[in-house]
Amino acid sequence: MNWFDSLAFVSSAPKATAILKQEPEDFYVDETLSFPLTGSGEHLYVQIEKRQMNTEFLIKILSKKLGVKSQTIGVAGLKDRQGVTRQWLSFQGVTPEQLDIVIEDEPDIRIIDYQWNQKKLRRGAIAHNYFKLCLKQFRGDKAEVENRLNYIKISGFPNYFGPQRFGIQEGNINKARAVLSGELKPKRREQKYFFLSAARSYLFNQTLSLRLSDQQWLIPMSGDLMNLQGSTRFFACDIVDENIISRLEQQDIHITGPLMGRQGWMTKHDALNFEKACLSEQDVWLKQLQQTDIDSDRRALRALCENLSWFWQEDALVLEFQLAAGMYATSLLREIIDYSETENIKLSL
């Protein structure tokens, strides 16, 4: 059992089993941008469908063939290698005709749409990701699985960072430890932040897991920071009253967990004491993160799943749903089914 598998569940670990990504088409993702395209401007937006190719490799291919620097290509988010995924990229000084030519000999890349826009595509500009997943060789109690699905449809699921955030065999955590201690000094700034983000994600997951174990992930504490649904806004819950409890039940607000940075702790009172106790064994990491130039932040403990539906297809379970940017399908799946991936298919960044 790896570290991610050991994290707490809402109730208990699922008993039903299945295989994910037996074929690339079993894992389909399509992103929707968070803003409308203007239809005019100097930036060419391209919706691309790729098969068995992660975003970084796609950018590497296109930058080389087009003769442009990879940093000039805009992207809203990273997609996994294994699967069939659609996403938007932006280019400046590139025409549709040029792109058509360079992908002629790339059978795993297909252009879906072209649009023009006035500004470069930036990271995080995603409204949601649509998923269609096929879990094959299902073994278990279908009724029990449907009970778990109905719970998630109504109440959401723990907003863990998925295992792909931590790399193969959690290698990003080891690199984060080396960066924080000064043993590793990445040449690129974004690479440094990528590893530090893995450290913050690890600490968040640990806090959420312990709050789940104590059955406190949906029960507010004094001093909690609350996140307004569908926004990046937060407010302090100094006193837990009926209004706070009601808004949590209505999913208007969410309790948050720490993304540690230079400002240190952002909670107070009981919530602060709980978080410090959760991470008491990570004191060195906490102090090192406070010495970086990364701002402290918060992340909702609960993730909501939009338009969740499912059907059975012989020995397979097919799921369709939407998740907001930053939420992980793997974190949803682990609450439903004990899935594994075929040996030649692994999650990758």
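The values are calculated or read from the model by the stated rules, or taken from the named source; none is laboratory data. Note that this is a predicted model, so its numbers are computed, not measured. So basically every Cβ, Gly included, is an ideal-geometry build from the backbone, and we count neighbours across all protein chains shown. Side chains included, ligands, DNA and RNA excluded: accessible areas come from the protein's heavy atoms. Shrake-Rupley method; radii C 1.70, N 1.55, O 1.52, S 1.80 Å.
Of note:
- Every test in (1) more than 28 Å from the chain's Cα centre (by Cα); (2) assigned to a loop (DSSP other than H, G, I, E, B); (3) at pLDDT 95 or above is passed by Lys119 save one, and that test is (1).
- Residue list for segment 66-91, filter: out of contact with any Asp or Glu (no Cβ under 6 Å at 6 or more places or on another chain), open to solvent by less than 40 Å² (accessible area, probe 1.4 Å) and not in a loop (DSSP other than H, G, I, E, B): Leu66, Gly74, Val75, Thr85, Trp88, Leu89, Ser90, Phe91
- Note on segment 1-38: residues that are open to solvent by 30 Å² or more (accessible area, probe 1.4 Å) and among the charged types (D, E, K, R) total 5.
- Screening Val94 with (1) open to solvent by 20 Å² or more (accessible area, probe 1.4 Å); (2) β-branched (Val, Ile, Thr); (3) more than 28 Å from Phe194 (Cα to Cα) gives one miss only, at (1).
- Across segment 1-43, the qualifying residues are those that are in contact with a Lys or Arg (Cβ under 6 Å, 6 or more places away or on another chain) and polar (S, T, N, Q), and the one among them that is modelled with the highest pLDDT is Thr17.
- Among the residues of segment 39-60, the ones that are within 19 Å of Cys134 (Cβ to Cβ) and open to solvent by 50 Å² or more (accessible area, probe 1.4 Å) come to 2 in all.
- Verdict on Glu97 being of a type in the set (Asp, Glu) and either within 30 Å of Tyr151 (Cα to Cα) or in contact (Cβ under 8 Å) with a residue 12 or more places away in the chain (or both): no
- Of all residues in segment 23-40, those that are outside any helix (DSSP H, G or I) have Cβ atoms under 6 Å from Cβ atoms of residues that are loosely packed, with under 13 Cβ neighbours inside 10 Å, 6 or more apart or on another chain, in Thr38/Gln118.
- The set of residues in segment 112-126 that are open to solvent by 20 Å² or more (accessible area, probe 1.4 Å) and among the polar types (S, T, N, Q) comprises Gln115, Gln118.
- Odd one out for Ser63, checked against (1) among the hydroxyl-bearing types (Ser, Thr, Tyr); (2) closer than 30 Å to Cys134 by Cα; (3) open to solvent by less than 50 Å² (accessible area, probe 1.4 Å): (2)
- Going through (1) among the hydrophobic types (A, V, I, L, M, F, W, C); (2) buried (at least 17 other Cβ atoms within 10 Å of the Cβ); (3) more than 22 Å from Tyr160 (Cβ to Cβ) one by one, Ile239 falls short only on (2).
- In segment 84-92 there is at least one residue that is of a type in the set (A, V, I, L, M) and over 30 Å from Leu301 (Cβ atoms).
- Scanning segment 1-57 for residues that are of a type in the set (A, V, I, L, M) and within 23 Å of Val318 (Cα to Cα) returns Val10, Ala13, Ala16, Ala18, Ile19, Leu20, Val29, Met53.
- From the options Lys187, Lys175, Lys192, residue that is open to solvent by 80 Å² or more (accessible area, probe 1.4 Å) and touching a helix residue (DSSP H, G or I) at 6+ places or on another chain (Cβ under 7 Å): Lys175
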